[in-house]
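Okay, so here's the structure we're looking at.
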Amino acid sequence: MDSTLRLIATNPLDQLARTIEALLIVASAPLSVAELAEAAEDDPERVETALGLLRERFGERRSGIVLEQVAGGYAFRASREASEACARLFERPIERGLSHAALETLAVVAYLGPCSRPEVARIRGVAADSAVASLVERGLISEAGRESGPGGAVRYRTTPLFERVFGLESLAALPRLDDLGADGEQIRERLLEVASARAS
């Protein structure tokens, strides 16, 4: 091993970056800086610096996998150049099989959630039972308590998997309804109707 490689191998920050790389590879969901710092038993500021090294190392057009900030944490994904090959290798039921009804339901839950099936049905104008069940099965939405009162309907919210699948750092990264034109205005009106009904 020459002196340059020996220096890299013994650099504490580079060692931390390799540890974080391993943690992100074995994790089943994005990990936050705090989670990485706890697992690596290191300082959060050093973890952020190490993540910067990994972002340089695993960037688009530099590697087949890319480090991204998503769903409130960090995770690896296939690069755009490699994504088609990965899709051929693995079935992708989450992205491949969403119906128009499921996508509409998912949008309502993402913007209004937590919300119940009756609320989703009022907004969409059709029953939402099947779409909600499909989204729960795929792990894109999950239960988030019940409405108050006897027989309160189950309320749903999106999951970290939803953010990861759609490449969102958080729900705050969703497109603003103002940017969706006429469709966005219709969605806004329906959301306001349900919100006012919920408050009364």
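Annotation for residue 127 and residue 14: the two label points, set 7 Å from Cα along the Cα-Cβ direction, are 6.3 nm apart. Calculate the FRET efficiency for residue 41 and residue 171 from the Cβ-Cβ distance with a Förster distance of 30 Å, rounded to the nearest 0.05. Calculated transfer efficiency: 0.45.
Here the peptides 21-28, 67-74 are ranked by packing, the mean other Cβ count within 10 Å, and the order with the highest first is 67-74, 21-28. For the stretch 3-89, the normalised intensity computed at q = 0.13, 0.23 Å⁻¹ comes to -0.44, -1.12 (log10 of I(q)/I(0), Debye sum over alpha carbons, equal scatterers, no solvent). So for the pair residue 77, residue 28, with labels modelled 7 Å out along Cα→Cβ, what separation do we get in nm? Between residue 77 and residue 28, the simple spin-label model gives 2.1 nm. Remark: 141, 65, 123 ranked as 65, 123, 141, counting other beta-carbon atoms within 10 Å and listing the fewest first.
Rule-based calculations on the coordinates, nothing more; no lab input. No experiment lies behind these values; they were computed from the predicted model shown. Note: ideal-geometry Cβ built from the backbone for every residue, glycine included; neighbour counts use all protein chains shown.
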